[in-house]
Amino acid sequence: MLRDVMNIWRKELMDTVRDRKGMTQAIVIPLVIGIFYASFTPMLMKAMTARREKPLTIPAQGIAYADARLLDTFGRYGITLEEYEGDLEAVIQDAKRESGLVFEPGFTEDVSEERPATARLLTNSTAGGIFGGGFSDTRLQLAVGAYNQMVVAERMAAREVDPAILVPVALNAEDLATPEQRGAFFASFYLSILVAVTVAQGGLFVAIDVTAGEKERGTLESLLVTPASDIAVFLGKLGAVFTISVIPLVLTLTAYWAVSNVMPPNMAGDSGLPGFMLTASLLTGMPLALVVSVAQMMISVRARTFRDAQSGATPLIFAVMIPGFVAAFSQAKALWSCLIPVYGPFAAMGRMAQAGGLQWDAMGLSAAGSLIAAAMVLPVAMKMFTRETLLYRS
């Protein structure tokens, strides 16, 4: 039977290789996706960081009343006040400006005479739309805080009081994360989504082609009259689907790893994707690809045409992608969650990203969950590939 399985496997692979459009989808697209995720995402984060750190210009009124030292502090934090003529409050209320700062007369005198001095910060959270607006006062608050500390220190020094009495507890923060953990953490969110998308779609066109496609072309009957057993036909076709589904997974993750490690450090974070995360993603993704391959064939063999099989496979794609998105946004805490079919591989990847190294218990549970799921659906799939069933449905 092994010889029959290998012959059918070789036949399906050769048919797939001859299909240039299909092979382009299986090889080129995964490479493009891996490179895109590894390069575009860091560049987007760098652009967002640069936007956050670029000089901040705020329209203001009453700048002449402000303390000169406060304006100097603003300058050190990259904040520039621009004198505004007109009704600043009305302009901001109409969402034509995102923010404005108003100093009332007597501001400097209040500071010098140790009275509370107040400045009005006017904002409109709807200005600029969902993606274009949203004024953040974080840098402004830091600058005002630094100015307040300077003034308080001067007042206490004038009274010969040690400023240290205002800080009874000093908190020294130390980041103990290793470079491997930081590199894995940077990619852990995208890896789950990337593996989910690749596994869900990698071998789908082959699964449909070797089942519904052969029905539509009328070539399935020719294969069923050969001496190969029903099990050999099923295993040969499954081997071809699984082989093609693994190719995009390997290419996508390898491209992601390679590109993330050749990019400049200031664009790719502290480091690129660590090698252990590449290994973990492959070792957990391949058993998942086997389960998905069986499910894809079960769905496709029930369809009469290629288009019907594509429509029927849509729920399966979401069934694989949704757990990947869930794991990306909320990493699993419990080890036993790695045993859950479909969700387990993504949970294991998240745990290893947090640990900064391979965790064989998590990978073992993940592989066991996928193999148990495959063992449960294989008998059902084999019944669907008996000669009587295939000939009746075709």
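The values are calculated or read from the model by the stated rules, or taken from the named source; none is laboratory data. Since the structure is predicted, the reported quantities are computational estimates derived from the model, not experimental observations.
Taking THR254 as the residue in question, decide whether it is assigned by TED's automatic domain parsing to the domain that holds LYS383 and modelled with pLDDT of 90 or more. Can you show your working first?
Numbers: assigned by TED's automatic domain parsing to the domain that holds LYS383: yes; modelled with pLDDT of 90 or more: no.
Taking the combined requirement at face value, the residue does not satisfy it.
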Taking the stretch 267-304 and keeping only residues that are more than 19 Å from the chain's Cα centre (by Cα), at pLDDT below 80 and not aliphatic (A, V, I, L, M), one is left with ARG304
